[in-house]
């Protein structure tokens, strides 16, 4: 059974500097539990993509970073929450190339590919929560 092993480090996301801060905090936590090299880059990239979406579409939100354990396995858990406009069609935004802005539409689908688990829950007018994790190999 997966359980949160540490109290989450919370990073408020409102501007570009916060995206960098969330990336750095995520790398620090992941490195501390044994992630190395390319896995650290993948985690940082996924955090960056999710945090950037908060800045662009929701204006403000929060990313909570913690470690998780499941028996002998351990990993990092990232939960991004905002109270933005929400996503009307989650399935559509998870397709490569779809964007409601001026991007390539690769952020959310890319983050999903980089992580071991990825879940998005969104309600129009309420906000969006993205939960993703990666396990040390």
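Give the number of residues within the stretch 1-40 that are under 13 Å from the mean Cα position of the chain (by Cα) and modelled with pLDDT under 95.
0
So, in the stretch 110-134, exactly how many residues are in a helix (DSSP H, G or I), closer than 22 Å to residue 4 by Cβ and in contact (Cβ under 8 Å) with a residue 24 or more places away in the chain? Before the answer, list the steps.
Step one: list which residues in the stretch 110-134 are in a helix (DSSP H, G or I), which gives 110-114.
Pick out the ones that are also closer than 22 Å to residue 4 by Cβ and you get 111-112, 114.
Cutting the leftovers down to in contact (Cβ under 8 Å) with a residue 24 or more places away in the chain gives us 111, 114.
Total meeting the criteria: 2.
Before we move on, is residue 44 touching a helix residue (DSSP H, G or I) at 6+ places or on another chain (Cβ under 6 Å), buried (at least 17 other Cβ atoms within 10 Å of the Cβ) and modelled with pLDDT of 95 or more?
So residue 44 passes the test.
So, in the stretch 60-92, exactly how many residues are in contact (Cβ under 8 Å) with a residue 24 or more places away in the chain and out of contact with any strand residue (DSSP E or B) (no Cβ under 7 Å at 6 or more places or on another chain)?
So the answer is 3.
Check off (1) within 21 Å of residue 109 (Cα to Cα); (2) touching a strand residue (DSSP E or B) at 6+ places or on another chain (Cβ under 8 Å) for residue 44 and give me the number that stays unchecked.
Among (1) within 21 Å of residue 109 (Cα to Cα); (2) touching a strand residue (DSSP E or B) at 6+ places or on another chain (Cβ under 8 Å), the lone unmet condition for residue 44 is (2).
Hey, among the residues in the stretch 20-34 that are touching a strand residue (DSSP E or B) at 6+ places or on another chain (Cβ under 7 Å), touching a residue at least 24 places away in the same chain (Cβ under 8 Å) and closer than 25 Å to residue 53 by Cα, which one's surrounded by the most Cβ atoms within 10 Å (Cβ to Cβ)? Reasoning before the result, please.
Filtering the stretch 20-34 for residues touching a strand residue (DSSP E or B) at 6+ places or on another chain (Cβ under 7 Å) gives 21-22, 25-26, 29-30, 33.
After this cut, where a residue has to be touching a residue at least 24 places away in the same chain (Cβ under 8 Å) as well, the list is 22, 25-26, 29-30, 33.
Next cut, closer than 25 Å to residue 53 by Cα only: 22, 25-26, 29-30.
Values: 22: 28, 25: 17, 26: 26, 29: 20, 30: 24.
It comes out as 22.
Taking the conditions exactly as written (surrounded by 12 or more Cβ atoms within 10 Å (Cβ to Cβ) and outside any helix (DSSP H, G or I)), does residue 11 satisfy them or not?
Criteria met by residue 11.
Looking only at the stretch 58-109, which residues are outside any strand (DSSP E or B), surrounded by 18 or more Cβ atoms within 10 Å (Cβ to Cβ), under 15 Å from the mean Cα position of the chain (by Cα) and modelled with pLDDT of 80 or more?
Hits for the stretch 58-109 are 58, 108.
For the stretch 29-57, how many residues meet the condition of being within 20 Å of residue 73 (Cβ to Cβ) and assigned to a helix (DSSP H, G or I)?
So the answer is 11.
The values are calculated or read from the model by the stated rules, or taken from the named source; none is laboratory data. The shown structure was predicted, so the numbers you read here are calculated from the model rather than taken from an experiment. Reconstructed Cβ throughout: ideal geometry from the backbone, glycine too, with neighbour counts over all protein chains shown.
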